[in-house]
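These notes are about the structure you will find just below.
The values are calculated or read from the model by the stated rules, or taken from the named source; none is laboratory data. Here the structure is a predicted model, which means the values were calculated and not measured. Cβ atoms come from the backbone with ideal geometry, glycine included; neighbour counts cover every protein chain shown.
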Amino acid sequence: MKMLVVFEKHPRIRHIGHLDLMRAMQRALRRSGLPVKFSQGFNPHLLITFAAPLSVGMPGKHEIMEIPLAAEVSESEFLTKLNAALPPELNCLSARGVEDKHPASMASLYAAEYEIKIAPEGAALCDAVASFMAQETIMALRKTKSGEKLIDIKPLIYKLEVTSPATLRCTLALSEAATCKCDLLLDALCAHAGIEDRPHTLSIRLQMYGKDFIPLELL
Amino acid sequence: MKEFSESKLEKILDTALKPARYTGGEMNAVIKPFDSADVTFAFCFPDAYEVGMSHLGIKILYHIINKQPWALCERVYTPWPDMADALRRENLPLFSIESRTPVRRFDILGFTLQYEMCYTNILEVLDLSDIPLRSCDRTEEDPIIMAGGPCAYNPEPLAPFIDVFQIGDGEEMMLEAIECVRKCKAEKASRLETLRALAKIEGIYVPAFYEATYNEDGTLKAFTPIDNAASPIVRKRIVRDLDKADYPDSFIVPYTEAIQDRSVLEIMRGCTKGCRFCQAGMLYRPVRERSLETLLKQADNLVNSTGYEEISLSSLSSGDYSHLSELCCALTERYADKKVSLSLPSMRLDSVVKQSLEEMQKVRKAGLTLAPEAGTQRLRDVINKGVTEEDLVRAVTDAFQSGWSTVKLYFMIGLPTETDADLEGIGHVAKQVMNCYFTVPKSQRARGLRVTASASTFVPKAFTPFQWQGQDPLDTIREKQHKLKDILYAVKGVNFNWHDPELSMLEACFARGDRRLADVLLAAWKNGCRMDGWSEFTNFEGWTKAFEDCGVDPAFYANRERGENELLPWDFIDAGVTRAFLWREWQRAQKAEVTPDCRKGCQGCGLQRFEGVCRK
Ligand code: SF4
């Protein structure tokens with residue numbers, strides 16, 4: 001069996017990179033004494049997959065990982081033991097046991113919801129949201145390894161709203177086929193609002209969704 | 001006064017290099033309410049987080065302090081220069097990792113001194129914390145600045161900056177020190193009264209209570225206590241029974257990879273080989289072993305609490321541990337299921353036993369590290385490195401037969417009495433190692449032979465038989481490096497590494513410096529020197545200018561040979577080994593006379609004077 005685990009990456013440790021987070025989880029599993037599965041080979045390691053890596057600097061409220069197990073364990077026992085082996089900054093919220101052949105969450109991923117807190121000096125950004133979203137197309141410059149590319153991100157923004165004076169909430173495409181990152185959205189929004197120096201922001205990933213915006217862990 | 005601001009910090013973290021160095025939240029970090037502790041201790045390793053997190057001594061003391069319900073210990077490291085500059089720009093004070101409390105609010109700020117080239121980082125940390133750099137300028141509001149570790153055995157270059165030095169093993173002394181501060185705090189004692197109370201603890205040295213005077217030639221004339229609380233001789237502390245000494249049952253597990261990111265078992269402390277260049281070998285005497293039983297228990301604790309994939313054994317000479325094979329077997333067997341591997345670092349080549357090599361190989365094949373230190377038998381006799389060429393040949397042949405193919409060889413240049421023949425000898429040793437590989441049949445040996453020879457510059461250290469010897473001047477070192485490069489170039493297939501001799505020269509100054517070097521240190525830091533141990537921040541001009549501006553000649557400290565009767569700045573410390581023993585060893589060295597390992601018979605080094613610590 002494997003466990004679909006929902007966990008939180010606390011803002012305090014938001015700068016931990018993906019590989020470091022993976023190693024931290026592997027070590028936590030070792031500490032937990034749970035019957036986890038090791039890879040074969042000379043350097044055996046624990047097999048964990050994450051639905052989607054978090055960008056460095058971003059906390060996550062509702063992150064998802066899959067952990068294959070070598071023996072049956074109840075969901076509640078799994079949760080208790082793993083949480084006992086984790087620091088408070090990494091906290092598991094739920095665990096769901098599924099069959100090994102259950103489709104990988106990574107493949108079902110469709111979108112993610114974020115909250116973006118903007119530093120007080122950048123509050124003007126919020127005023128530009130309505131006209132920004134009223135545009136037919138939203139062209140943004142995406143930097144890739146091979147260079148820069150101008151793309152239309154409008155179809156990748158499923159929702160963008162102002163929730164409090166300096167806070168945005170948005171749902172953006174996040175799938176194997178198409179992705180729009182918060183940074184790209186913010187760059188485009190700044191350009192639209194005519195703000196040259198991007199204000200300091202703190203983005204948090206709140207939730208991940210599959211098709212039809214069903215929470216990913218329920219799929 | 002600078003004020004801490006969470007939002008300003010979060011902002012600068014977003015642009016910092018490796019922000020995880022400053023954010024904590026690691027497994028097993030101890031979180032206690034700051035304001036309810038009687039004594040608060042900020043423990044600083046004066047270097048980058050990933051270096052400091054690798055250090056065993058801090059882990060032990062962090063555990064011991066936090067074990068007391070009334071005390072709290074949190075960590076501090078030297079911010080990388082980009083972060084230090086950002087803190088200054090934003091006017092933020094340096095803060096502790098665990099609770100983000102400004103360092104200045106702690107009762108005590110303690111530094112561990114592992115190498116001289118971190119001294120500018122101490123000033124950097126004090127400055128970033130808004131603490132006056134000099135003891136004499138500190139007020140009742142400022143923390144008490146403590147320091148310990150191997151470099152505390154010659155504390156003098158730091159004397160004006162540190163309030164209290166701890167000399168020797170810290171486990172018991174640290175507890176006595178924080179208990180003393182707790183008591184003084186409860187009694188509302190003044191800073192001066194607290195320092196006096198601390199000075200009465202064995203092993204503690206309060207530099208402000210002593211005065212140094214100098215002869216006309218610049219040498220030390222007298223070093224005398226000027227306060228009744230200070231004793232003329234400060235005797236190092238020794239933990240007698242390591243089985244009874246506290247050892248952490250968990251290590252903090254960093255998120256970002258530390259240099260040493262594994263469970264560590266300290267199997268023994270001290271060394272009896274008597275290598276004459278080795279300061280640790282003299283300072284950590286006598287040898288004390290941990291029992292197999294204690295070690296297995298500690299290993300269980302660490303494996304279960306850290307989830308580390310690897311255990312390593314730590315000591316100056318692991319090959320000499322009485323139960324090494326048993327320990328290796330037991331550990332390998334015990335954790336096979338958990339896929340925890342075992343690695344033995346720095347093996348002394350004369351004690352590499354084939355059996356334990358094979359035992360280890362089952363789990364992990366790290367590179368083999370050997371330290372012949374010198375290229376000829378004559379010079380190895382001078383430094384009392386009890387290793388022969390046959391030992392070396394046997395060790396590497398065994399290793400190659402057991403599947404090793406990477407060998408690192410460590411040498412020193414500039415050792416006392418060294419000649420060109422000794423440099424040639426290094427080439428000869430490297431060649432021998434290569435030959436050993438090719439004599440092992442192809443079917444038996446692993447592919448991809450890699451031999452690396454590293455040559456560091458010899459630095460004479462306090463409390464070694466070479467404490468009287470001058471270091472080779474820079475030009476001589478450079479010349480020798482070039483010769484050696486040519487010699488090793490001729491041995492095809494050997495990689496050669498060497499270090500900037502400038503850094504070794506600075507190290508030599510501070511390793512045997514006196515109080516007058518403190519001004520140079522301060523000037524160098526003001527010239528922008530910091531993180532001196534990192535090649536990307538090398539700033540030798542800053543140092544040269546500092547020496548010039550202070551009118552101090554580095555050669556006086558680094559290159560000058562000291563006489564038999566010269567009073568040395570560290571003579572007031574009783575480090576266990578006596579000056580008479582060291583002098584005797586220095587004389588024997590110059591005649592290339594070896595002194596056997598004292599396991600085979602006491603050499604009267606001085607430790608026998610300490611009641612019941614040495615088997616003698
Ligand atoms: S007192 Fe004797 S046995 Fe003990 S460390 Fe010194 S030389 Fe060795």
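Kindly indicate whether A:Leu174 is outside the structural domain of A:Ala52 (by TED's automatic domain parsing), hydrophobic (A, V, I, L, M, F, W, C) and surrounded by 12 or more Cβ atoms within 10 Å (Cβ to Cβ). Let's see the steps before the verdict.
Working: outside the structural domain of A:Ala52 (by TED's automatic domain parsing): yes; hydrophobic (A, V, I, L, M, F, W, C): yes; surrounded by 12 or more Cβ atoms within 10 Å (Cβ to Cβ): yes.
Taking the combined requirement at face value, the residue satisfies it.
If you take the residues of region B:459-490 that are assigned to a loop (DSSP other than H, G, I, E, B) and of a type outside the set (S, T, N, Q), which of them is surrounded by the fewest Cβ atoms within 10 Å (Cβ to Cβ)? If you could, list the steps in order and put the result at the bottom.
Going through region B:459-490, the residues assigned to a loop (DSSP other than H, G, I, E, B) turn out to be B:459-464, B:469-473.
Still in the list and also of a type outside the set (S, T, N, Q): B:459-463, B:470, B:472-473.
Numbers: B:Val459: 23, B:Pro460: 25, B:Lys461: 24, B:Ala462: 25, B:Phe463: 22, B:Gly470: 18, B:Asp472: 24, B:Pro473: 16.
Across region B:459-490, the extreme among qualifying residues is B:Pro473.
Working only within region A:19-55, note down all residues that are more than 11 Å from chain B (Cβ to nearest Cβ) and either in contact with a Cys (Cβ under 9 Å, 6 or more places away or on another chain) or under 29 Å from A:Ser203 (Cα atoms) (or both).
A:Leu47, A:Ile48, A:Thr49, A:Phe50, A:Ala51, A:Ala52, A:Pro53, A:Leu54, A:Ser55
How do the pairs read when you match residues in region B:304-326 that are farther than 13 Å from B:Leu342 by Cβ with residues anywhere that are β-branched (Val, Ile, Thr) and surrounded by fewer than 20 Cβ atoms within 10 Å (Cβ to Cβ), using Cβ under 8 Å and keeping only pairs 6 or more apart or on different chains?
B:Gly319/B:Val353
Quick one: in region A:1-18, of everything that is assigned to a strand (DSSP E or B) and touching a Ser or Thr at 6+ places or on another chain (Cβ under 7 Å), which residue is nearest to the other protein chains (Cβ to nearest Cβ)? So that I can check it myself, show each step before the final result.
Let us first name the residues in region A:1-18 that are assigned to a strand (DSSP E or B), namely A:2-9.
Then keep just the ones that are touching a Ser or Thr at 6+ places or on another chain (Cβ under 7 Å); that gives A:4, A:6.
Values: A:Leu4: 22, A:Val6: 19 Å.
Per the stated criteria, the residue is A:Val6.
Mind checking whether some residue in region B:302-316 is on the phi > 0 side of the Ramachandran plot and within 14 Å of another protein chain (Cβ to nearest Cβ)?
Scanning region B:302-316, I find at least one residue that is on the phi > 0 side of the Ramachandran plot and within 14 Å of another protein chain (Cβ to nearest Cβ), so the answer is yes.
Name the one entry in A:Thr171, A:Thr144 that is hydroxyl-bearing (Ser, Thr, Tyr), over 30 Å from A:Ser74 (Cβ atoms), within 16 Å of the chain's Cα centre (by Cα) and more than 14 Å from every other protein chain (Cβ to nearest Cβ). Give the steps one after another, and end with the answer.
Numbers: A:Thr144 fails: within 16 Å of the chain's Cα centre (by Cα).
On inspection, the qualifying residue turns out to be A:Thr171.
Considering each of B:Glu176, B:Glu202 in turn, give the residue that is in contact (Cβ under 8 Å) with a residue 24 or more places away in the chain, closer than 30 Å to B:Gln608 by Cβ, of a type in the set (Asp, Glu) and assigned to a helix (DSSP H, G or I).
Working: B:Glu202 fails: assigned to a helix (DSSP H, G or I).
B:Glu176 is the lone residue from the list that is in contact (Cβ under 8 Å) with a residue 24 or more places away in the chain, closer than 30 Å to B:Gln608 by Cβ, of a type in the set (Asp, Glu) and assigned to a helix (DSSP H, G or I).
Given (1) away from chain A (no Cβ under 14 Å); (2) in contact (Cβ under 8 Å) with a residue 60 or more places away in the chain; (3) closer than 26 Å to A:Arg23 by Cβ, where does B:Arg262 come up short, assuming only one miss?
(1)
If I go through region B:117-130 residue by residue, how many of them are surrounded by 20 or more Cβ atoms within 10 Å (Cβ to Cβ) and not in a helix (DSSP H, G or I)?
Total satisfying the criteria: 1.
Looking only at region B:19-60, count how many residues are buried (at least 20 other Cβ atoms within 10 Å of the Cβ), more than 24 Å from the chain's Cα centre (by Cα) and away from chain A (no Cβ under 14 Å).
Number satisfying all stated conditions: 3.
Mind listing whichever residues of region B:255-281 are acidic (Asp, Glu) and modelled with pLDDT under 95?
Here is the first cut: in region B:255-281, the ones acidic (Asp, Glu) are B:257, B:261, B:266.
Answer for region B:255-281, where residues must be acidic (Asp, Glu) and modelled with pLDDT under 95: B:Glu257, B:Asp261.
List pairs: first in region A:62-89 and more than 12 Å from chain B (Cβ to nearest Cβ), second surrounded by 20 or more Cβ atoms within 10 Å (Cβ to Cβ) and of a type in the set (Phe, Trp, Tyr), Cβ under 6 Å, 6+ apart or cross-chain?
Between residues of region A:62-89 that are more than 12 Å from chain B (Cβ to nearest Cβ) and residues that are surrounded by 20 or more Cβ atoms within 10 Å (Cβ to Cβ) and of a type in the set (Phe, Trp, Tyr), the close pairs are A:Glu63/A:Phe7.
Taking B:Asp243 as meeting all but one of (1) more than 14 Å from chain A (Cβ to nearest Cβ); (2) touching a strand residue (DSSP E or B) at 6+ places or on another chain (Cβ under 7 Å), write down the number of the exception.
(2)
Report the residue count in region B:218-261 for those that are within 30 Å of B:Asn301 (Cβ to Cβ), β-branched (Val, Ile, Thr) and not in a strand (DSSP E or B).
Pass one, region B:218-261, residues within 30 Å of B:Asn301 (Cβ to Cβ): B:236-261.
The next check asks that each one be β-branched (Val, Ile, Thr); those that pass are B:238-239, B:252-253, B:256, B:259.
Of the ones still in play, those that are also not in a strand (DSSP E or B) are B:238-239, B:252, B:256, B:259.
Final tally of qualifying residues: 5.
Hey, could you check region B:254-291 for residues that are among the charged types (D, E, K, R) and more than 13 Å from the ligand (Cβ to nearest atom) and say which is farthest from B:Lys339 (Cα to Cα)?
Narrowing region B:254-291 to residues among the charged types (D, E, K, R): B:257, B:261-262, B:266, B:269, B:273, B:276, B:285, B:288-290.
Then drop every residue that is not more than 13 Å from the ligand (Cβ to nearest atom), which leaves B:257, B:261-262, B:266, B:276, B:289-290.
Numbers: B:Glu257: 19, B:Asp261: 16, B:Arg262: 13, B:Glu266: 21, B:Arg276: 40, B:Glu289: 27, B:Arg290: 25 Å.
It comes out as B:Arg276.
Of the residues B:Ser456, B:Ser405, only one is buried (at least 16 other Cβ atoms within 10 Å of the Cβ), of a type in the set (Ser, Thr, Tyr) and in contact with a strand residue (DSSP E or B) (Cβ under 6 Å, 6 or more places away or on another chain); which?
Values: B:Ser405 fails: in contact with a strand residue (DSSP E or B) (Cβ under 6 Å, 6 or more places away or on another chain).
Going through B:Ser456, B:Ser405 in turn, just one is buried (at least 16 other Cβ atoms within 10 Å of the Cβ), of a type in the set (Ser, Thr, Tyr) and in contact with a strand residue (DSSP E or B) (Cβ under 6 Å, 6 or more places away or on another chain): B:Ser456.
Output the residue which, of all residues in region B:192-251 that are of a type in the set (Gly, Ala, Ser) and farther than 22 Å from B:Ile64 by Cβ, is surrounded by the most Cβ atoms within 10 Å (Cβ to Cβ).
Of the residues in region B:192-251, the ones of a type in the set (Gly, Ala, Ser) are B:197, B:199, B:203, B:208, B:212, B:218, B:222, B:229-231, B:245, B:250.
If we keep only those that are farther than 22 Å from B:Ile64 by Cβ too, we end up with B:208, B:212, B:218, B:222, B:229-231.
On the way: B:Ala208: 19, B:Ala212: 18, B:Gly218: 14, B:Ala222: 10, B:Ala229: 16, B:Ala230: 21, B:Ser231: 15.
By that ranking, first place goes to B:Ala230.
Would you point out the residue of region A:182-200, among those that are within 14 Å of chain B (Cβ to nearest Cβ) and of a type outside the set (Asp, Glu), that is surrounded by the most Cβ atoms within 10 Å (Cβ to Cβ)? Reasoning before the result, please.
First pass over region A:182-200, keeping only residues within 14 Å of chain B (Cβ to nearest Cβ): A:182-183, A:186, A:197-200.
Pick out the ones that are also of a type outside the set (Asp, Glu) and you get A:182, A:186, A:198-200.
Working: A:Cys182: 20, A:Leu186: 22, A:Arg198: 16, A:Pro199: 16, A:His200: 18.
Applying the filter and picking the extreme gives A:Leu186.
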